[in-house]
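> I have a structure here, written as structure tokens, and I will follow up with some questions on it.
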Amino acid sequence: MCGIVGYVGNRDAANIIISGLRRLEYRGYDSAGVALSPEGENTLKVVKRAGKIVNLEAGVQKELPTSEEPYAGLGIGHTRWATHGQPTEENAHPHLSQNGQFAVVHNGIIDNYAGLKEKLIADGYTFKSETDTEVIAHLIEACYDGDLRGAVARAVETLEGTYGICVISSLHPKLMIAARKGSPIVIGVCKGETIVASDVSAIVSHTDQVIFMDDGDILTATPDTLDITSLKNVPVSRPPTTIDWDLGEIEKGGYEHFMLKEIYEQPVALANATRGRLVPKEGSVKLSGMQMDAYEMARIDRVSIAACGTSLYAGMVGKNFFEEFASIPTEIQQAAEFRDRNPIVLRDTCMLAISQSGETADTLAAVREATRKGATVLGVCNVVGSTIARETGRGVYLHAGPEIGVASTKAFTCQVSVMAMMAIAMGRTRRLSEHAGQAMVEELARIPELAQRVIDRNDEIKAMAEKYASKNDFFYIGRGYMFPAALEGALKLKEISYIHAEGYHAAELKHGPIALLCDDVPVVAAAPMIPGREKTIANMQECRARKSPVVAIATEGDSEIKTHADDVIWVPDCMEFVSPIPVVVAEQLFAYHVARARGCEIDQPRNLAKSVTVE
Ligand code: AGP
């Protein structure tokens with residue numbers, strides 16, 4: 001996620017901002033920049049660089065004069081996690097207004113930026129970047145009438161979506177404005193200066209007194225004053241909080257591991273994955289990144305999915321979507337296998353390359369082979385501007401924010417959500433009715449809540465995980481939508497706890513694997529209230545007949561299932577097509593707590609890399 005740092009005071013703003021941005025590096029980013037208001041000059045100095053902060057530091061040293069006195073006591077800085085536009089210097093923040101008198105840094109996604117941009121262009125504004133943020137800079141200039149706070153308030157009132165912004169102007173050399181809606185901004189309360197940041201880790205080395213801004217708040221800060229009001233300029237009281245975290249913890253937002261933080265982020269990540277993309281009234285979706293109109297979509301006669309690992313299992317869920325909701329024959333292939341077997345790619349084959357990192361070599365090789373064979377290739381990636389995203393040239397980004405834990409969590413659930421939307425888009429050019437589409441769109445709007453309800457059961461799942469943490473072999477079983485969920489649950493356990501865990505189709509057990517069952521081999525059975533539940537219950541009985549303990553993942557209120565399981569992890573009721581999401585969130589927490597009970601290194605498990613860039 002992007003990082004913001006702003007400073008107004010009498011110390012060296014550049015130094016404070018850059019060291020603050022370093023504290024935010026863990027959040028993942030692909031470019032960085034600062035805007036400074038040099039002492040005694042009515043200008044803004046902007047230095048931006050693609051890549052890491054070390055590039056920005058070199059740029060600042062090169063472009064700023066060296067002197068004993070601070071170059072600037074006012075400035076804003078940003079580390080960008082690209083959401084709109086490639087990770088380039090032009091797209092890096094801060095962004096300047098047309099007249100160069102206003103600079104803004106922004107976290108969040110502006111849903112209506114395209115319409116605002118069109119209007120600003122019609123009003124004579126020119127854009128240098130592909131970002132939604134640059135719209136805000138021009139809006140502030142357009143709204144400015146001498147009062148910077150008022151201009152920012154009027155500008156953000158036209159925005160739809162989420163923002164956490166910090167603004168400075170060459171017209172107000174010791175004034176900093178910040179505003180938030182949906183994207184955190186924290187204020188560091190200090191004597192003679194004010195620091196703002198997107199999270200506490202950039203502030204805690206300066207003060208332990210912080211104020212967490214609320215949605216709709218706007219901050220006006222000078223070196224000696226700090227006022228928070230509503231957008232309508234009504235003062236609001238925000239008492240400071242004392243921070244007692246140590247820095248190491250703060251970078252994980254207080255979570256013990258990035259993996260747990262990212263599991264807990266899923267409600268927000270899932271909301272971002274669908275933000276601005278659902279069209280309830282038409283029972284459809286808006287996925288402009290596919291660059292495909294209805295005519296082209298209606299002519300797809302086969303979908304071919306290539307991916308690896310967790311992304312492959314998400315693709316298996318997606319296969320059900322494209323066949324069930326768009327009536328399109330869909331094949332799913334491990335990417336290396338797809339690439340090596342001289343695949344049959346027909347004229348109207350649409351290939352989906354699913355990859356969180358967008359750098360997985362096997363998946364990239366499959367993209368290149370499919371492209372050589374003339375397929376239409378779309379990327380389903382999380383990292384904007386990644387190699388797969390660039391080489392496919394079109395597709396749908398997850399908007400899940402950086403995933404740092406090696407074990408993929410929020411990427412899986414967001415991949416499932418994105419493919420459901422793609423299937424709705426294709427389905428609505430075929431037999432998927434408006435009514436059916438509306439039901440699916442409404443359910444997709446509900447998935448953040450579904451994920452949250454599982455997360456709220458964390459303590460129950462933790463207790464259960466600790467009960468089974470000493471086992472050294474597990475089976476995960478499921479049918480239909482639950483088969484890929486079983487595979488993903490087994491992978492999660494394997495890769496972070498080093499326990500031998502196998503995912504199997506529930507019907508497959510009796511064709512061999514059942515020979516391994518005994519009291520030392522627990523079976524996790526994914527059996528929510530969807531088609532296949534009864535037969536999975538029969539499989540659970542087969543397992544228990546061989547003394548294997550059974551942990552069922554079942555729908556809240558399913559009292560019958562308790563009689564067929566030793567333990568039950570409850571998940572909320574939902575439509576079949578989204579059922580893998582709450583089930584896999586439960587499996588993520590189960591695996592996390594087993595690994596934690598075994599004292600494993602969870603964020604960087606042995607032998608694993610976050611992105612496998614070798615074939
Ligand atoms: C999942 O927890 C693993 N880290 C791994 O299987 C991963 O999903 C796989 O390497 C694919 O990565 P990608 O999504 O970045 O292409």
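Laboratory data are not the source of any read-out in this text; all were calculated from the coordinates shown. None of these values were measured; they are calculated from a predicted model. Cβ placement follows ideal geometry from the backbone for every residue including glycine, while neighbour counts extend to all protein chains displayed.
> What FRET efficiency comes out for the pair LEU171/SER288, r = Cβ-Cβ distance, R0 = 45 Å, nearest 0.05?
0.80
> Find the all-direction average of the projected area of the Cα convex hull for region 491-584, expressing the result in square nanometres with one decimal place.
6.0
> Go from 0 up to the bin containing the longest alpha carbon distance in region 324-437, width 5 Å each, and give me the % of pairs per bin.
Each 5 Å bin holds this share of Cα pairs: 2, 12, 20, 22, 20, 14, 7, 2, 0.
> What's the FRET efficiency of ASP145 with HIS511 using the Cβ-Cβ distance as r and R₀ = 60 Å, to the nearest 0.05?
Using R0 = 60 Å, I get an efficiency of 0.20.
> Could I ask something else about it? Among ILE537, ILE136, rank each residue by its count of other Cβ atoms within 10 Å, from fewest to most, as a rough exposure measure.
Final ranking by Cβ density, sparse to dense: ILE537, ILE136.
> With viscosity set to 1.567 mPa s at 4 °C, what whole-number translational diffusion coefficient in µm²/s follows for region 264-334 from Stokes-Einstein and a Kirkwood radius over Cα pairs?
The Stokes-Einstein estimate is 93 µm²/s.
> Quick check on region 248-366: take the gyration tensor over C-alpha atoms, sort the square-rooted eigenvalues as a ≥ b ≥ c, and tell me if it's rounded (a/c under 1.5), prolate or oblate.
oblate
> Give the Kirkwood hydrodynamic radius (Å, one decimal) of region 374-464, defined as one over the mean of 1/r across all pairs of different Cα atoms.
15.4 Å is the Kirkwood radius here.
> Looking at the chain, send over the antiparallel percent of its DSSP beta bridges, to the nearest 5.
60
> Additional query: Using the number of other C-beta atoms within 10 angstrom as an exposure proxy, rank ARG149, ARG430 with the fewest first.
ARG430, ARG149
> Turning to a different aspect of this structure: For a quick protection proxy, order the peptides 80-89, 538-547, 400-409, 347-356 by their average other-Cβ count within 10 Å, most packed first.
347-356, 400-409, 80-89, 538-547
> I would also like to ask the following. Label 7 Å along Cα→Cβ of LYS281; region 432-453 residues with amide nitrogen under 15 Å?
Counting backbone N atoms under 15 Å from the label point, the list is 438.
> What is the distance, in nm, between label points placed 7 Å from the Cα along the Cα-to-Cβ direction at ARG372 and at ALA436?
Rounded to a tenth, the inter-label distance reads 3.8 nm.
> Roughly speaking, what is the stretch gain from ALA298 to ARG544, that is 0.36 nm per residue apart minus the C-alpha to C-alpha distance, in nm to one decimal?
Result: 83.8 nm gained on full extension.
> So if I restrict to the alpha-carbon atoms in the chain, what is the Rg, and what is Dmax, the biggest pairwise distance, in Å?
So, for the chain, Rg and Dmax equal 25.6, 82 Å respectively.
> Work out, in µm²/s and without decimals, the Stokes-Einstein translational diffusion coefficient of region 385-429 at 20 °C, 1.002 mPa s, Rh from Kirkwood over C-alpha pairs.
Stokes-Einstein gives a translational diffusion coefficient of 179 µm²/s.
> Right, next: If the chain between SER230 and ASN112 were fully stretched, how many nm would it gain, using 0.36 nm times the residue separation less the Cα-Cα distance?
Computed gain between SER230 and ASN112 is 40.3 nm.
> What's the ranking of 292-299, 438-445 by average number of surrounding C-beta atoms within 10 Å, highest first?
Put in order of decreasing packing, that is 438-445, 292-299.
> At 7 Å along Cα-to-Cβ for each site, give me the label-to-label distance between ARG390 and PHE212 in nm.
Result: 3.8 nm between the two label points.
> Roughly how tilted is helix 361-372, in degrees to the nearest 10 and between 0 and 90, from the longest Cα axis of the chain?
The answer is roughly 90 degrees.
> Quick one: if you stick a label point 7 Å off each Cα along the C-beta vector at ASP573 and THR43, how many nm between them?
It works out to 6.7 nm between the two label points.
> Provide, for q = 0.14, 0.28 Å⁻¹, the log10 of I(q)/I(0) from a solvent-free Debye sum over equal Cα point scatterers in region 34-78.
-0.32, -1.12
> Evaluated at 4 °C with a viscosity of 1.567 mPa s, what Stokes-Einstein diffusion coefficient in µm²/s does region 1-91 have when Rh comes from the Kirkwood expression over alpha-carbon pairs?
Translational diffusion coefficient: 99 µm²/s.
> Also, quick follow-up: Counting each DSSP H run of 4 or more residues in the chain as -39500 (n - 2.57), what helix-only mean residue ellipticity at 222 nm follows after dividing by all residues, to the nearest 500 deg cm²/dmol?
-11000 deg cm²/dmol
> Hey, how much of the P(r) for region 56-204 falls beyond 27 Å, as a percent of Cα pairs?
20
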